[in-house]
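Each value in this text was obtained by applying a stated rule to the coordinates, not by laboratory testing. Please read these numbers as outputs of a predicted model, since none were measured by experiment. Here Cβ is always computed from backbone atoms with ideal geometry, including for glycine, and neighbour counts include all displayed protein chains.
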Amino acid sequence: MSALELRASLALASIFGLRLFGMFVILPVFALYAQGLPGWNLTLVGVALGAYGLTQAILQIPFGWASDRLGRKPVMVAGLLVFAAGSAVCALAESPWLVILGRTIQGAGAISGVAIATAADLTTPAQRTKSMAIIGSTIGLAFAFSFVVAPSLKAAIGVPGIFAFTGVLALAAIVVVAFAVPPVPPTARSGDPVSIGRLLRNPELARLNVGIFALHAVLMALFVVVPLALVRSGLPFPSHSSLYLAAVGIGFVAMLPFVAVRRIARHEREVFLGSVAVIALALGVFAAAGDILAILAAGLVIFFSAFNVLEAKLPALVSKAAPPSAKGAASGVYASVQFLGTFVGGAAGGAVAQHHGATVLLVGCLALTLVWLAVAWPMARPGAGEHHPDSGLGPRGPHATNP
């Protein structure tokens, strides 16, 4: 990678890390925290966890569209300010509905698609997967770190304090946008506009959108029930961080060959489909585990091994499939669907767990993952459908070269 590509990748990865740490750190502590407060039940816990994803889903496309026209960096700054405001509302909230309102405002800072498009703007196609892997790896590290420190943070500053801390991290991310992210050349966003309808009808993008919806719906649903299952298994809450550290750490190490070793990474289709199958395997393990700690721990390791690979691969595949003049819009659609999955997984997961139990929820997640695998199976080998800058949504030929 060139110095500029590396700088851009690291800066954008840090923005993702700072922002998503604030989203992830609440997952392992919120259900247990709310359980002891008046007015809360599992349905409201799920809605609070998923409300962030609803406004993210609604606003990612407008944010991506705006960034194609107004520039990436101004739109990212605006989104981070909105996220910080929502964090303040959550920190001050004293009722379930105010927490849900704050989470809704947090989600209105919908910049994930814009950041992905910025990474695509500032890297060449040959280096883009590496850039997305850096971002995906940082997301994985943020996930691991947040789960490790969440119990200690809850003990030290409480859940309201955690919400306030996430607002501070969003403000820190604004500094990174202003001073560390390189300017995006106007030519990176040039070209004839592509309609949202054409993006939605593109089969390769549609498969990736189905995938990110399923992945994040499953993630949110899992963390409605897994922390409670760990407590029932006899693992006290302060010890959860050690288990999460081990599971996510092993998963992160297992991910590295699939994104960093060229001989493995070049088999992108096989790696991708295999990772989806591993997610299904993990859900089967969770469904069979009951309250047995060893099986729950094995399920976490299996799940995060595949989750980290998919978090790195999916945005890179989107950037390859999207036309250059609509990378912001395509990434916005992708991020919208991602956070729609977050909302559905949290809200529906809480309701299903409350009324039908954890096993029914896990079987439902397994069924969703198998549908994803069936939809993804016909995917083209990555690179075969990459778009030429002047060809709208037409595929590139196998011998086409980069301009």
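Taking every alpha-carbon pair under 8 Å whose residues sit at least 6 apart, the chain reaches a relative contact order of 29 percent. Once the chain from VAL231 to VAL175 is taken as fully extended at 0.36 nm per residue, the excess over their C-alpha distance is 16.2 nm.
Computed from label points 7 Å out along Cα-Cβ, the spacing between ASP291 and ILE250 is 2.3 nm. Taking 19 Å as the straight-line reach from the Cα of LYS320, the lysines in range (excluding those fewer than 8 positions away in the same chain) are LYS130. Taking Cα atoms only, the orientation of helix 42-70 departs from the longest principal axis of the chain by about 20 degrees. Rounded to the nearest 10 degrees, the inclination of helix 72-92 to the longest alpha-carbon principal axis of the chain is 10 degrees. Against the chain, whose longest principal axis comes from its Cα atoms, helix 96-107 is set at around 20 degrees. Modelled label positions at ALA374 and ALA298, each set 7 Å beyond Cα in the direction of Cβ, lie 2.8 nm from each other. Cα centroid distance between the range 26-80 and the range 200-224, in Å? Cα centroid to Cα centroid, the span is 16 Å. Using only helices, what value at 222 nm comes out for the chain when you add -39,500 (n - 2.57) per DSSP H run of length 4 or more and divide by the total residues, to the nearest 500 deg cm²/dmol? Using -39500 (n - 2.57) per qualifying helix, the result is -27500 deg cm²/dmol.
Considered as an equivalent ellipsoid built on the Cα gyration tensor, the chain has semi-axes of 33, 24, 18 Å, the largest given first.
Between LEU4 and SER242, the simple label model (points 7 Å from Cα in the Cβ direction) yields a spacing of 5.0 nm. Quote to one decimal, in nm, the extra length available between ASN41 and THR124 on full extension: 0.36 nm per residue of separation minus the C-alpha distance between them. Net length gain for the segment: 25.0 nm. About the centre of its Cα atoms, the range 3-376 shows a dipole size close to 720 debye [charges on the beta carbon of Lys, Arg (+1) and Asp, Glu (-1) only; nearest 20 debye]. Neighbour counting of Cβ atoms within 10 Å sorts the residues GLU204, GLU311, fewest neighbours leading, into GLU204, GLU311. Using the Karplus relation 6.51 cos²θ - 1.76 cosθ + 1.60 with θ = phi - 60°, the per-residue 3J(HN,Hα) values for the range 312-317 come to 7, 7, 4, x, 5, 5 Hz, with x marking Gly and Pro.
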